[in-house]
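S.K.: Structure provided below as structure tokens; questions to follow.
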Amino acid sequence: MVILSLETSCDETACAILEEKNGAFSVLANIVSSQISLHAKWGGVVPNLAAREHLKNIMPVIDEALTKAHLTSKDVDLIAVTNGPGLIPALLIGVETAKTLSYLWKKPLIGIHHIEGHIYANFIDNNQRSKIKDQEKINSCSLFIDHCFPVLCLVVSGGHTQLVLMKKHLSYEIIGETQDDAVGEAFDKVARILGLGYPGGPAISATAEMAADYRGLNADKRGHKKLQRKSAWQLPKLPRPMIKSDNFNFSFSGLKTAVLYSVKKNPDYPLRPRSEASKLQIANYCYEFQQAVCDVLISKTIRAAKKYNPKTIMLAGGVSANTELRKQLGEAIKKDLPDTAYRIPETKYSIDNATMIAIAASFRYKLKKNTRKLKNNWKNLETNANLKLK
Ligand code: KG4
Ligand code: ZN
């Protein structure tokens with residue numbers, strides 16, 4: 001079966017083509033047209049600008065995907081599209097395009113929840129070795145799929161922070177979630193406070209690495225005298241919100257405010273990378289903020305896993321591209337839950353893409369089997385900015 005999928009919920013116009021044969025998946029095309037440089041000027045995504053860009057890019061992106069896959073519309077068996085949650089002007093471009101193609105090409109159409117897509121990015125075979133409880137180490141996606149449940153998935157994106165328990169495919173129980181800002185949103189806001197621009201996540205991650213590098217330089221005593229002032233090495237102290245609460249919920253808005261208050265007390269406020277010393281101060285904030293986020297996310301995930309005893313822990317959403325989070329969660333699982341498998345998407349499938357939508361669609365199509373309804377779905381499919389995961 002060949003699935004053509006579209007994703008336009010935020011600032012990426014994406015089209016993928018996925019082929020599924022006997023439970024094995026091949027990604028024939030994964031095209032992503034990013035609008036980051038457009039929105040960077042505004043410090044965040046402007047919904048109407050995003051929609052205009054999607055409109056401009058969507059047909060070229062579909063054309064490019066078909067060309068790359070060496071296929072035509074005749075080869076497509078199913079069209080899949082993100083129909084929520086997300087920015088409504090942006091979502092509508094993908095959904096209306098998918099409806100039009102479904103009508104013109106006479107192909108079934110399926111709507112996919114954006115977060116379901118992120119979770120299913122973990123099922124894209126990336127040749128990771130997975131250690132499954134009671135099973136041998138395996139390397140095959142299809143084998144993995146049969147044996148991974150129950151799954152505990154830490155979902156971390158620009159709009160969501162949730163711990164999701166899946167006892168089987170397409171079944172979701174949210175056991176904890178953020179009470180205010182999503183973790184990606186906190187990364188973006190803290191980056192703005194520190195003058196690092198948009199998107200904040202990758203900028204904070206790269207800058208935090210600099211803090212670690214500086215420490216390495218100091219240890220090596222390879223110069224950088226100015227930076228060796230003791231005060232420059234002092235990390236700001238930031239809270240770990242709700243780390244001890246007896247539930248699996250999160251809160252990141254206070255952490256962002258803690259960065260703001262701490263930065264405001266600094267005699268050099270507003271901190272901008274004017275000198276080596278101020279660069280280091282910014283790097284220290286990034287390092288400590290990122291560590292605070294990792295500490296909270298990892299501690300709650302491990303605690304939830306001890307309670308629900310999943311066979312597999314997964315990581316999903318744009319923030320799952322964060323190197324430290326990937327690494328430190330893996331280390332914590334290895335130490336505390338050595339029998340639990342750990343699955344993370346390749347970074348290109350962590351951030352928004354359409355392959356994840358196609359793979360989720362493949363499971364929905366196979367397991368729900370309501371294919372007659374999907375034939376006429378171009379008439380009925382609704383776009384919902386607040387679509388719930390169910
Ligand atoms: O999943 P995603 O691409 O879009 C939404 O569904 O929201 O996630 C975007 C979020 C942004 O807040 C971005 O700053 C964050 O993911 N992000 C990262 C990294 N790469 C993207 N956060 C931390 N570290 C990263 N490397
Ligand atoms: Zn996303």
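The values are calculated or read from the model by the stated rules, or taken from the named source; none is laboratory data. Remember, it's a predicted structure, so these values are computed and weren't measured experimentally. As a convention, Cβ positions derive from the backbone with ideal geometry for all residues, glycine included, and neighbour counts pool all protein chains shown. In case anyone asks, the SASA skips ligands and DNA or RNA and just uses the protein heavy atoms, side chains included. Shrake-Rupley method; radii C 1.70, N 1.55, O 1.52, S 1.80 Å.
S.K.: Among the residues of the range 159-182, count how many are out of contact with any Asp or Glu (no Cβ under 9 Å at 6 or more places or on another chain), assigned to a loop (DSSP other than H, G, I, E, B) and within 16 Å of ligand 2 (Cβ to nearest atom).
M.R.: Of the residues in that region, 2 qualify.
S.K.: Mind listing whichever residues of the range 340-390 are hydrophobic (A, V, I, L, M, F, W, C) and part of a loop (DSSP other than H, G, I, E, B)?
M.R.: If the condition is that a residue be hydrophobic (A, V, I, L, M, F, W, C) and part of a loop (DSSP other than H, G, I, E, B), then 344, 351, 354, 381, 385, 387, 389 are the ones that fit.
S.K.: Give me the strands (runs of 3 or more DSSP E) completely within the range 1-99, filtered to those with at least 3 residues that are in contact with a Gly (Cβ under 8 Å, 6 or more places away or on another chain) and surrounded by fewer than 22 Cβ atoms within 10 Å (Cβ to Cβ), ordered by residue number.
M.R.: none
S.K.: Shifting gears a bit: One residue is enough: does the range 40-51 have a residue meeting the conditions more than 16 Å from ligand 1 (Cβ to nearest atom) and among the aromatic types (Phe, Trp, Tyr)?
M.R.: Within the range 40-51 (the criterion being more than 16 Å from ligand 1 (Cβ to nearest atom) and among the aromatic types (Phe, Trp, Tyr)), the answer is no, since none of the residues qualifies.
S.K.: Of (1) farther than 25 Å from residue 121 by Cα; (2) touching a Ser or Thr at 6+ places or on another chain (Cβ under 7 Å); (3) modelled with pLDDT of 95 or more, residue 289 satisfies all except one. Which?
M.R.: Result: residue 289 passes all but (2).
S.K.: Among the residues of the range 146-172 satisfying the criterion of being surrounded by 24 or more Cβ atoms within 10 Å (Cβ to Cβ) and of a type in the set (Ser, Thr, Tyr), which is farthest from residue 320 (Cα to Cα)?
M.R.: The selected residue is 161.
S.K.: Inside the range 340-386, can you point out the residues that are within 16 Å of ligand 2 (Cβ to nearest atom) and out of contact with any strand residue (DSSP E or B) (no Cβ under 9 Å at 6 or more places or on another chain)?
M.R.: 346, 347
S.K.: What single numbered condition from (1) within 21 Å of residue 86 (Cα to Cα); (2) at pLDDT below 65 fails to hold for residue 184?
M.R.: (2)
S.K.: Counting just the residues of the range 56-69 that are of a type in the set (A, V, I, L, M) and within 17 Å of residue 91 (Cα to Cα), which one comes out farthest from the chain's Cα centre (by Cα)?
M.R.: Here the answer is 59.
S.K.: Which count do you get for residues in the range 183-214 that are outside any helix (DSSP H, G or I) and open to solvent by 30 Å² or more (accessible area, probe 1.4 Å)?
M.R.: Total satisfying the criteria: 5.
S.K.: A follow-up question, please. If you check 280, 337, 315, which single one turns out to be under 18 Å from the mean Cα position of the chain (by Cα) and in the same structural domain as residue 195 (by TED's automatic domain parsing)?
M.R.: Criteria check complete, one pass: 315.
S.K.: Being surrounded by fewer than 24 Cβ atoms within 10 Å (Cβ to Cβ), closer than 22 Å to residue 205 by Cβ, without any contact (Cβ under 8 Å) to a residue 24 or more places away in the chain and not aromatic (Phe, Trp, Tyr) narrows it down to one of 326, 272, so name that one.
M.R.: Within the list 326, 272, the selection yields 326.
S.K.: Here are 348, 307: which of them is open to solvent by 80 Å² or more (accessible area, probe 1.4 Å) and within 13 Å of ligand 1 (Cβ to nearest atom)?
M.R.: One residue alone meets the criteria, 348.
S.K.: Only one of 313, 282 is among the β-branched types (Val, Ile, Thr) and over 18 Å from residue 190 (Cα atoms); which?
M.R.: None of the other options fit; the residue is 313.
S.K.: Name the residues in the range 298-339 that are hydrophobic (A, V, I, L, M, F, W, C), touching a Phe, Trp or Tyr at 6+ places or on another chain (Cβ under 6 Å) and not in a strand (DSSP E or B), would you?
M.R.: 304, 333
S.K.: From the list 58, 88, 115, which one is at pLDDT 95 or above, away from ligand 1 (no atom under 16 Å from the Cβ) and not assigned by TED's automatic domain parsing to the domain that holds residue 314?
M.R.: Of 58, 88, 115, the one residue that is at pLDDT 95 or above, away from ligand 1 (no atom under 16 Å from the Cβ) and not assigned by TED's automatic domain parsing to the domain that holds residue 314 is 58.
S.K.: For residue 122, which of the numbered conditions (1) farther than 24 Å from residue 6 by Cα; (2) modelled with pLDDT under 95 fails to hold?
M.R.: (1)
S.K.: Further, regarding this structure: Pairs, please: C-beta under 6 Å, at least 6 apart or cross-chain, first residue under 12 Å from residue 92 (Cα atoms) and in the range 29-55, second of a type in the set (Val, Ile, Thr) and crowded, with 17+ Cβ neighbours inside 10 Å?
M.R.: Here the result reads 51/93; 54/8; 54/13; 54/93; 55/93, each pair linking the range 29-55 to a residue that is of a type in the set (Val, Ile, Thr) and crowded, with 17+ Cβ neighbours inside 10 Å.
S.K.: Something else now. Can you work out which of the residues in the range 64-92 that are aliphatic (A, V, I, L, M) and more than 16 Å from ligand 2 (Cβ to nearest atom) is farthest from residue 105 (Cα to Cα)?
M.R.: By that ranking, first place goes to 92.
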